Amino acid sequence: MIVESNVPLQPYNSFGIVARAQHLARITDEADLVALRADPQWRDAPRFVLGGGSNIVLTGDVKPLVLKIEIKGLRLVEDSPRAWIVEAGAGEIWHDAVEWMVRSGYPGLENLALIPGTVGGAPVQNIGAYGVELQDRFDSLDAFDLETGRSFTLDAAQCAFGYRDSVFKHVRSGPNDFGLSGRAVITRVRFRLPKPWKAVVGYLDLERKMEETANFTPSAQDIFDWICAIRRAKLPDWRVLGNAGSFFKNPTVTPEQCADIIARDPKIVHYPMDDGSIKLAAGWLIDACGWKGKSVGNAGVYERQALVLVNRGGTENPVTGGEVMTLAKAIQTSVYERFGIRLEPEPVVV
Ligand code: EPU
C-alpha cells in the first residue's frame with residue numbers, strides 16, 4: 001500500500017470543489033488497513049474516510065490522512081426461501097451495484113437507483129428514496145476498527161439507523177457511547193432482499209409512471225428505469241452540474257408547530273409520521289423563501305429542486321466550500337426568519 005502526497009480531490013467530490021489531500025491511501029482490501037496500522041508513520045495519524053465524495057463539502061485542504069475506499073466485489077452469498085443475501089465491497093459504485101442486482105435477478109434496491117456515491121457510504125447516512133431506505137434492505141456489514149486493528153460485523157440494530165443517520169455519523173463521547181465516526185472503516189455490506197419480491201410504488205411520481213405507461217404490475221427492472229427517469233428529470237447529474245444531492249434534511253415539527261405554520265402558509269407540504277410528528281418538505285420551505293435559481297458567488301440553488309445546491313462554476317472556475325456554506329447559512333437564516341425552523345445540513349462539512 002502506497003501513501004500518495006498532495007493529491008487533488010476535485011475528481012473525488014461530487015461538488016467538484018478544488019482541494020488537496022496532504023496524504024491519501026487507496027484501500028483495496030482489509031490487508032491495506034492492517035498494513036496502515038503496522039506503519040509507525042501512520043498508525044496514530046488522524047484519518048478521514050472518503051467513499052464516493054457525494055455527500056461532503058470540502059472547505060479547504062484535508063490534513064488528516066485520506067483513506068480512499070476502493071474495495072470491490074459483488075456476489076450472492078445466500079439464496080434461501082425467504083431472501084437473497086448479496087454482498088458488495090464498500091468501494092463499489094452504488095448505482096452500478098443496484099443495476100447489477102436487478103439485472104442478475106436479485107431485486108429489492110431498485111427504488112434507490114441512481115443515488116450517487118459508493119456502497120460503503122450508503123449505511124453511513126442510511127440513504128433513502130421513493131419509499132425505501134437502506135435499513136429496509138440491510139442484512140449486516142463488515143468494518144475495520146482503526147483503533148484496535150480488528151474486523152467486526154454489525155447487524156441493523158447495531159448500526160442504529162435513523163433518518164439519514166447511523167452510528168457511523170456519531171463521534172464517541174463517553175464509555176457507553178458507541179459512536180464510530182473516524183474510527184471504523186466499512187469494508188463490505190450485505191443486503192437482505194426479501195422473497196417474494198414486492199414492488200414499492202406508493203410514491204406519487206411512481207403512481208404517475210404507472211398511469212402514463214398503463215403498466216400497473218411493473219417489474220423491478222421497470223421500476224429501476226422509472227426511478228432513473230424521475231431522478232434525471234428532477235435532480236442534476238453531478239458529472240454535469242456539481243452537487244451533493246439534498247443539501248438539507250427534511251425537518252420534523254410537532255402537530256402544534258405545524259398547525260401554526262399552516263395558519264400562515266396553508267400550502268405548506270407536510271407528511272404525518274408514525275410517531276405523531278410531522279415532516280415538512282425542506283425543498284418547499286426554501287422555495288417559498290424565493291431561493292430557487294438564486295446564487296451566491298458560484299454556489300447556486302438548483303432551478304428544478306430548491307433542496308439541491310449546485311456548483312455553477314464547473315471544473316474551470318469551481319465553487320468553493322466557503323461559497324457553498326455562505327449560501328447554506330443564508331438559506332437557513334431566511335427559513336428560520338419566515339418559519340421558525342432550523343434546517344440541518346445533510347452533507348458532512350470537512
Ligand atoms: N418542493 C417544492 N419546491 C422545491 C422542491 C420540493 O415545492 O423546490 C416540494 C415538492 O413539490 C414535494 C415536496 O417538496 O411536494 C418534496 O419534494 P420531493 O418529492 O422532490 O422530495 P424531497 O423531500 O425534496 C427526499 C429526499 C431525496 C429523495 C426524495 C425522493 C431528503 C433530504 N431528500 O427529497 O433524497 O431522492 O425524497 O424520495 O430526505 C438526498 O438525500 O440526497 C436525496 C436526493
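A short reminder: the numbers here are calculations on the coordinates, not readings from a lab. All values derive from a computational prediction rather than experimental measurement. Counting neighbours? That spans all protein chains shown, and the Cβs are built from the backbone with ideal geometry, glycine included.
For the chain, adding -39500 (n - 2.57) for each run of n ≥ 4 DSSP H residues and dividing by the number of residues yields -7500 deg cm²/dmol at 222 nm.
How high is the relative contact order of the chain, in percent, counting Cα pairs under 8 Å that sit 6 or more residues apart? Across the chain, relative contact order equals 17 percent. Checked against a 25 Å cut-off, the cross-linked pairs LYS63/LYS169; LYS72/LYS234; LYS169/LYS209; LYS234/LYS292; LYS63/LYS249; LYS68/LYS169 give Cα-Cα distances beyond that limit for LYS72/LYS234; LYS169/LYS209; LYS63/LYS249.
Just check the chain against the gyration tensor rule for me: Cα atoms, a ≥ b ≥ c as the square roots of the eigenvalues, rounded for a/c under 1.5, and otherwise prolate or oblate depending on whether a/b exceeds b/c. Oblate. A Förster radius of 41 Å, combined with the Cβ-Cβ distance separating ARG43 from VAL269, puts the computed FRET efficiency at roughly 0.25. Taking amide H positions as modeled 1.01 Å from N, with prolines and chain starts lacking one, the residues under 5 Å from ILE341 and 5 or more places away or on another chain are TYR336.
In segment 134-243, which GluC sites (Glu not before Pro) are in a loop and have at most 16 other Cβ atoms within 10 Å, using DSSP for the loop call? Spell out each step's value before the answer.
Details: sites: GLU147, GLU207, GLU211, GLU212; in loops: GLU147.
Passing both the DSSP loop test and the Cβ count: GLU147.
Loop-only chymotrypsin sites (Phe, Trp or Tyr not before Pro) in segment 242-350, please: DSSP not H, G, I, E or B, and at most 11 other Cβ atoms within 10 Å.
Details: sites: PHE247, PHE248, TRP284, TRP291, TYR302, TYR336, PHE339; in loops: PHE247, TRP291, TYR302.
Answer by residue number: there is no such site.
If you run the Gaussian network model on the chain, springs between alpha carbon atoms under 10 Å, then out of GLN221, GLN41, GLN125 the most flexible one is GLN41.
Where does each of 16-22, 267-273, 110-116 land if you order them by average Cβ count within 10 Å, highest first?
Working: 16-22: 20.7, 267-273: 12.6, 110-116: 22.7.
Averaged packing, sorted descending, gives the order 110-116, 16-22, 267-273.
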